[in-house]
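The block underneath contains the structure these notes are about, expressed in structure tokens.
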Amino acid sequence: MKEDNEPFSTSVFVRGAGEFFVFVRWTSYHCPECGHVFRRDYWVNSVHLGTGKRTCSRCGAVFDDGSREWPELPRVRKARVLCPPLLTGICGGFLLAGVLTCFLPPKGVGAALIMLMFDLVLVAAWSLVRLPWVIQSVHRYNARP
Ligand SMILES: [Zn+2]
């Protein structure tokens, strides 16, 4: 069971304030039997690796928590595991800055290439951090009867 929480989305006191607080939101995931919150996400549609089965720590009910193993994920969701929204935003910002510097004197593509290389290093580093979780997920998937 999933519930989106957006405390500032309906701000009526200051016009536009709701848009400023758009990043202060989260999604709560509840046990379908007793309502116990087992996870809070601050990103929309986060991808979680796991068997999908969770046992509630309060009532002991077993339910589908929405997690899936790596081989079960479509390519787009795999890419999201390796390059989450915050990293995508940072990389996009650096790439945009690099492209914009191409139009400033002295003109050259050096800065853009440096930013692109920096982005690639960031994504590669983050992918290495996530690699153990991906390997564990593949092993769990292959060990299924
Ligand atoms: Zn429960």
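Could you tell me which of rounded, prolate or oblate describes the range 70-145, using a ≥ b ≥ c as the square roots of the eigenvalues of the alpha-carbon gyration tensor, with rounded for a/c under 1.5 and, failing that, prolate when a/b is larger than b/c and oblate otherwise? Prolate, since a/c reaches 1.5 and a/b exceeds b/c.
Within the range 60-109, the percentage of alpha carbon pairs spaced more than 15 angstrom apart rounds to 65%.
Once backbone amide H atoms are built at 1.01 Å from N, Arg39 has Tyr29 as its partners under 5 Å, excluding neighbours fewer than 5 places away on the same chain.
In loop segments of the range 62-120 as defined by DSSP, the chymotrypsin sites (Phe, Trp or Tyr not before Pro) with at most 12 further C-beta atoms inside 10 Å of their C-beta are Phe103. Dimensions of the range 39-85 based on its C-alpha atoms, expressed as ranges along the principal axes with the largest first, amount to 35, 24, 11 Å.
Computed from the C-beta positions of Gln136 and Val99 and an R0 of 35 Å, the FRET efficiency is 0.40 to the nearest 0.05.
Only the coordinates and a few stated rules stand behind these numbers; no lab work does. As the structure is a computational prediction, the values presented were derived from the model and not from experiment. Counting neighbours? That spans all protein chains shown, and the Cβs are built from the backbone with ideal geometry, glycine included.
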